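Novice: Pasting in a structure now, in structure tokens, and then I'll have a few things to ask.
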Amino acid sequence: NGETQRFAAWRVLERDERQVLLEVSGTPIRTWLAIDALLIGGGTRLFFGSALVPQTGTSGLGWGLRATIPGHRVYSRMLLNAAAGTLSHKPGEPVTKAEG
């Protein structure tokens, strides 16, 4: 309902009525979620973004953070595949597993 500042491992950095920017506390991981109403056919489009950001005052990701990028890509794809499988089922049909 847009009131909490923490959810599981995430902390809210910014939000408005259509989007939220989250961080995994103590890490460079950022997650962006947004919604947009579809004008044709009704429904809602969901957006997801994920990033690794350098610490404030540094001029790049550094070797340690760059080394985590392959794992971060796998993590992001797993989340997207799970969400797509969940959202692709017909209304009223139980969700049994993520496809993809």
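Novice: Which of the residues belonging to region 1-32 are modelled with pLDDT of 90 or more and either closer than 17 Å to A83 by Cβ or part of a strand (DSSP E or B) (or both)?
Specialist: R11, V12, L13, E14, R15, Q19, V20, L21, L22, E23, W32 - these are the residues of region 1-32 that are modelled with pLDDT of 90 or more and either closer than 17 Å to A83 by Cβ or part of a strand (DSSP E or B) (or both).
Novice: Same structure, new question: Which one of the conditions (1) within 14 Å of the chain's Cα centre (by Cα); (2) in contact (Cβ under 8 Å) with a residue 12 or more places away in the chain does L21 fail to meet, given that it meets all the rest?
Specialist: (2)
Novice: Across region 33-78, what is the number of residues that are part of a helix (DSSP H, G or I) and either touching a Phe, Trp or Tyr at 6+ places or on another chain (Cβ under 9 Å) or among the aromatic types (F, W, Y) (or both)? Full working, then the answer.
Specialist: Restricting attention to region 33-78, the residues satisfying the condition of being part of a helix (DSSP H, G or I) are 62-67, 69-78.
From what's left, either touching a Phe, Trp or Tyr at 6+ places or on another chain (Cβ under 9 Å) or among the aromatic types (F, W, Y) (or both): 63, 75-76.
Counting residues in region 33-78 that are part of a helix (DSSP H, G or I) and either touching a Phe, Trp or Tyr at 6+ places or on another chain (Cβ under 9 Å) or among the aromatic types (F, W, Y) (or both) gives 3.
Novice: What's the number of the only condition in (1) at positive phi; (2) open to solvent by 50 Å² or more (accessible area, probe 1.4 Å) that T68 fails to meet?
Specialist: Here T68 meets the rest and fails (1).
Novice: Quick one: in region 34-54, which of the residues that are aliphatic (A, V, I, L, M) and either farther than 21 Å from G71 by Cβ or modelled with pLDDT of 90 or more (or both) is least open to solvent (accessible area, probe 1.4 Å)?
Specialist: A34
Novice: Just to be sure before I move on: is A82 surrounded by 12 or more Cβ atoms within 10 Å (Cβ to Cβ), at pLDDT below 80 and under 16 Å from the mean Cα position of the chain (by Cα) in the structure I sent?
Specialist: Yes, satisfied.
Novice: Being modelled with pLDDT of 75 or more and under 12 Å from the mean Cα position of the chain (by Cα): is that true of L65 here?
Specialist: Numbers: modelled with pLDDT of 75 or more: yes; under 12 Å from the mean Cα position of the chain (by Cα): no.
No: the conditions fail for L65.
The values are calculated or read from the model by the stated rules, or taken from the named source; none is laboratory data. Given the structure is predicted, the values throughout are model-derived calculations rather than measurements. Cβ atoms come from the backbone with ideal geometry, glycine included; neighbour counts cover every protein chain shown. Ligands, DNA and RNA are stripped out before the accessible areas are found, and what is left, the full protein with its side chains, is counted by its heavy atoms. Shrake-Rupley method; radii C 1.70, N 1.55, O 1.52, S 1.80 Å.
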